[in-house]
Amino acid sequence: MFHWLEQRPFFFAVMLFLTVAFAGFIEIIPDFAKASQPVVGKKPSTILQLAGRQVYIKDSCNACHSQLIRPFKAETDRYGMYSLSGEYAYDRPFLWGSKRTGPDLHRVGNYRTTEWHENHMMDPAAVVPGSIMPKYPHMFTNLADIATAYANASTQKAVFGTPYDQKGMPKLGTWKEAKAQALADAKKIASEMKNQQVKDMVAAGKVPEIVALIAYLNSLK
Amino acid sequence: MSQETLFTIAGYGKFFITLFIFIMFYGYAYSIYKRQKTGEKDFEKYSNLVLNDSLDSTPLEPRYRKQDKND
Amino acid sequence: MQSNAQLEYDYSVVKLFTFATILFGIIGMTIGVIIAFQLAFPELSNLAGEYGTFSRLRPLHTNGVAFGFTLSGIFATWYYVGQRTLKMSLKESKFLMRVAKLHFWLYFITILLAVVTLISGYTTSKEYAELEWPLDLLVVVWWVLWGVAMFGMIGMRRERAIYVSIWYYMSSFLAIAMLYIFNNMEVPTIFWSGDAPSSIMHSISMYSGTNDALVQWWYGHNAVAFVFTTPIIGIIYYFLPKESGQPVFSYKLSVLAFWGLMFVYLWAGGHHLLYSTVPDWMQTMGSAMSVVLILPSWGSAINMLLTMKGEWQQLQTSPLIKFMILASTFYMLSTIEGPIQAIKSVNAIAHFTDWIPGHVHDGTLGWVGFMIIAGLYHMAPRMYKREIYSKKLMDTQFWLQTTGIVLYFTSMWIAGITQGMMWRAYDDYGSLLYSFIDTVEVLHPYYTLRGIGGLFYLTGFFMFAFNMYKTATSGRVLDKEPANASPMA
């Protein structure tokens, strides 16, 4: 039997494939059923927050920051309540990260303010002496991609049934409405900031990346 | 189906597959050992596939000759 | 079809991929050294605006070395080992030749596009699967082309039995195809954008949250297996016996080790059944048998070392043998280190720290890097029909790079364990002893040391590139193909 297989590349490949494929499925399927339920009270992100999340991804913040608090005392003391699977139900993609060159950010919205982020993103070492984080001044001039954030949300709604436009959930509406809403949210953030250039841009109807990013970071609770 | 049931199925699945693979694997090991021992098949000669790999050297176990219609 | 006597192996595709290996190796490793120093000296992160930050460059480094350097090395050796052990030449089939050439060019273009898109910030954020959807589609095309070339070549073989190296290449082709497709299931958002002027490049994952993480690490763990492990074992099973002129210590063991690895690898990384309703004894038995299966998977490294039995003097005379023996030693080191890190209590400390990049790098620099370098060195005199330009340079390169690796992993081990312990340290009153920034500042000397280690390795790689270039252009011309040991001046 074995000898037969050794000399037939096709059946050999089939056998090889089954061997390799099977383990994955049997291990993953039960978890799939479990993990997709959101925790009670979890809301999908607003457009502005999604745009901020895209900035987070664009600049690979997840290369150095995790968003996963493990159930150890040392971690809950430092970062807050440990993470629950259902809190990530609307995260596409997930942003757990795999390395903490910087601290965890899963609940950073609980203990950092708009002002803190504003100063920190401009010059991290000025806020936290000894920090090795790069400066991100370009976020104060680059514009956040609100249109793609809208496409992102409406794809989530259309394809995956993420509960936008439902009672008590963030509103999506048409592109025009969504844009107006995102700008209104941005104005709120900008009013707490002190950078005049950013304030001017938002007043002129443009949303810099930093505003969206802060909206996203503040939503991490 | 509840999640408990799925876990149970996965658990039993994992156990029996590991058992099956375990038996297959050591069955294979034994079959190799036996075939070499009884001289039914010499596995070690396949090392020569590397040592003797120029295009004009004679194949160790040639496939059908070119003139045959099978190949 | 021509008769065998006039026919020779065709190395044109091998040469193309060899060039790509060296080019992407230089790019990927240079960026690696830059980002290593950025962690030690953060001012370096802001020299090129948004395009020079650590966070932008890091995906470029991982993709550059994994899919640029390593994959081209795998493809280069495949078109070489494949032809030779199957005893067929690409010259015999115009079709396969075209497929192979197309494979190369599409691959090359994809990696160049990857460099451009990643540095501009187009990323899905999933590690080792960062490329956005248009590039993913390109990857699928050339992966399929590789498969066509592979099975086409196997179909044309003169040798009935298929050598074990080819098995490893096949496994890599099949497994990566499956893993890549499932992990990169993503929905381009442009189709639901309504009248919003959204980006065509953007996509979101088909899976959400925890599920996405599960699929990602099922991919992440096994992509490492089937890019950094199995094809490299295929490489060593050809090049070490060939270069040393010794038959494999035990071909039987190599066959068993192959199946052992295939069975075991995909089970690793799954600890999801620990709290299920399955009887305890059954879980224990399952794990125990998996452990027994691991033993044969170790067979390969031992098999390689034993192949040198009675021939250890070659280690002194040939730097090429040194590369390969040290590579299999590093393989053993990182395959024992991995399981140790997977133990729950160790993982609690090691996870999220620099021990993990340390572990990855003793595997990739020591095992993957050295094997690909050795393979390319061995192929050079056959491809270019010239003697290797300088043995002395090769020897210097070996020692420089080995020192680099040792500096790298020792500093990262210490850094990782130090940081892991500091994160969880409490004072007498039950409050955390260190703020996060304390645990960053303490790493400065280790980050510096790691950067220096990386610089050593990179310098060695430049020596390799120079040596290869000189071999191809001005090495002494050989009148016939060397049988075993590669001639070097």
Taking the stretch A:53-104, which residues are more than 8 Å from chain C (Cβ to nearest Cβ), open to solvent by 20 Å² or more (accessible area, probe 1.4 Å) and in contact (Cβ under 8 Å) with a residue 24 or more places away in the chain? A:HIS65, A:LEU68, A:GLY80, A:MET81, A:LEU84
Just to verify a result, which residue in the stretch C:394-427, among those that are more than 22 Å from C:ALA327 (Cα to Cα) and charged (D, E, K, R), is least open to solvent (accessible area, probe 1.4 Å)? C:ASP427
The stretch C:165-201, residues that are outside any loop (DSSP other than H, G, I, E, B) and farther than 30 Å from C:ASP10 by Cβ: C:MET178, C:LEU179, C:ILE181, C:PHE182, C:ASN183, C:GLU186, C:VAL187, C:PRO188, C:THR189, C:ILE190, C:PHE191, C:TRP192
Among the residues that make up the stretch A:175-183, is at least one of them surrounded by fewer than 22 Cβ atoms within 10 Å (Cβ to Cβ), over 17 Å from the mean Cα position of the chain (by Cα) and not in a helix (DSSP H, G or I)? no
Are any residues in the stretch C:350-388 open to solvent by 10 Å² or more (accessible area, probe 1.4 Å), within 14 Å of chain A (Cβ to nearest Cβ) and part of a loop (DSSP other than H, G, I, E, B), and if so, which ones? C:HIS351
Restricting attention to the stretch C:193-201, does a residue exist that is touching a residue at least 12 places away in the same chain (Cβ under 8 Å) and over 26 Å from B:SER54 (Cα atoms)? yes
Filtered residue count, the stretch C:215-225, keeping only those that are in contact (Cβ under 8 Å) with a residue 40 or more places away in the chain, crowded, with 22+ Cβ neighbours inside 10 Å and within 8 Å of chain A (Cβ to nearest Cβ): 2
Out of the stretch C:316-346, which residues are more than 18 Å from C:LEU365 (Cβ to Cβ) and either hydrophobic (A, V, I, L, M, F, W, C) or not assigned by TED's automatic domain parsing to the domain that holds C:LEU393 (or both)? C:ILE321, C:ILE340, C:ALA342, C:ILE343, C:VAL346
Can you find even one residue in the stretch C:144-158 that is of a type in the set (Phe, Trp, Tyr), part of a helix (DSSP H, G or I), more than 9 Å from every other protein chain (Cβ to nearest Cβ) and in contact (Cβ under 8 Å) with a residue 24 or more places away in the chain? yes
For A:GLY41, which of the numbered conditions (1) in a helix (DSSP H, G or I); (2) farther than 30 Å from C:ALA48 by Cα; (3) more than 10 Å from chain C (Cβ to nearest Cβ) fails to hold? (1)
Any idea which residue in the stretch A:109-149 is farthest from the chain's Cα centre (by Cα), counting only those that are in a helix (DSSP H, G or I) and of a type in the set (Asp, Glu)? A:GLU115
Every listed condition ((1) assigned to a helix (DSSP H, G or I); (2) within 11 Å of chain A (Cβ to nearest Cβ); (3) touching a residue at least 60 places away in the same chain (Cβ under 8 Å)) holds for C:ILE162 save (1)
Residues that are away from chain A (no Cβ under 14 Å), small (Gly, Ala, Ser) and surrounded by 24 or more Cβ atoms within 10 Å (Cβ to Cβ), drawn from the stretch C:37-78: C:GLY64, C:GLY68, C:SER72, C:GLY73, C:ALA76
Among (1) in a helix (DSSP H, G or I); (2) at pLDDT below 85; (3) among the polar types (S, T, N, Q), where does B:ASN70 come up short? (1)
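This table checks each residue for (1) open to solvent by less than 70 Å² (accessible area, probe 1.4 Å); (2) of a type in the set (Lys, Arg); (3) within 18 Å of the chain's Cα centre (by Cα).
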residue: B:GLU4; (1), (2), (3): no, no, no
residue: B:MET24; (1), (2), (3): yes, no, yes
residue: B:GLN36; (1), (2), (3): yes, no, yes
residue: B:ASP42; (1), (2), (3): yes, no, yes
residue: B:LEU51; (1), (2), (3): yes, no, no
residue: B:ARG63; (1), (2), (3): yes, yes, no
Restricting the search to the stretch C:106-126, which residues are open to solvent by less than 20 Å² (accessible area, probe 1.4 Å) and either in contact with a Lys or Arg (Cβ under 9 Å, 6 or more places away or on another chain) or within 9 Å of chain A (Cβ to nearest Cβ) (or both)? C:LEU118, C:GLY121, C:THR123, C:THR124, C:SER125, C:LYS126
Could you tell me which numbered condition C:THR418 fails, if it satisfies all but one of (1) of a type outside the set (A, V, I, L, M, F, W, C); (2) touching a His at 6+ places or on another chain (Cβ under 8 Å); (3) closer than 27 Å to C:GLY32 by Cα? (2)
Residue satisfying all of: in the stretch C:428-459; charged (D, E, K, R) and open to solvent by less than 60 Å² (accessible area, probe 1.4 Å); nearest to C:THR396 (Cα to Cα) among these: C:ARG450
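The values are calculated or read from the model by the stated rules, or taken from the named source; none is laboratory data. Because the structure is predicted, anything quoted here is derived from the model rather than measured. No Cβ is skipped: glycine too gets one built from the backbone with ideal geometry, and neighbour counts run over all protein chains shown. What goes into the accessible areas is simple: the full protein's heavy atoms, side chains included, and nothing from ligands, DNA or RNA. Shrake-Rupley method; radii C 1.70, N 1.55, O 1.52, S 1.80 Å.
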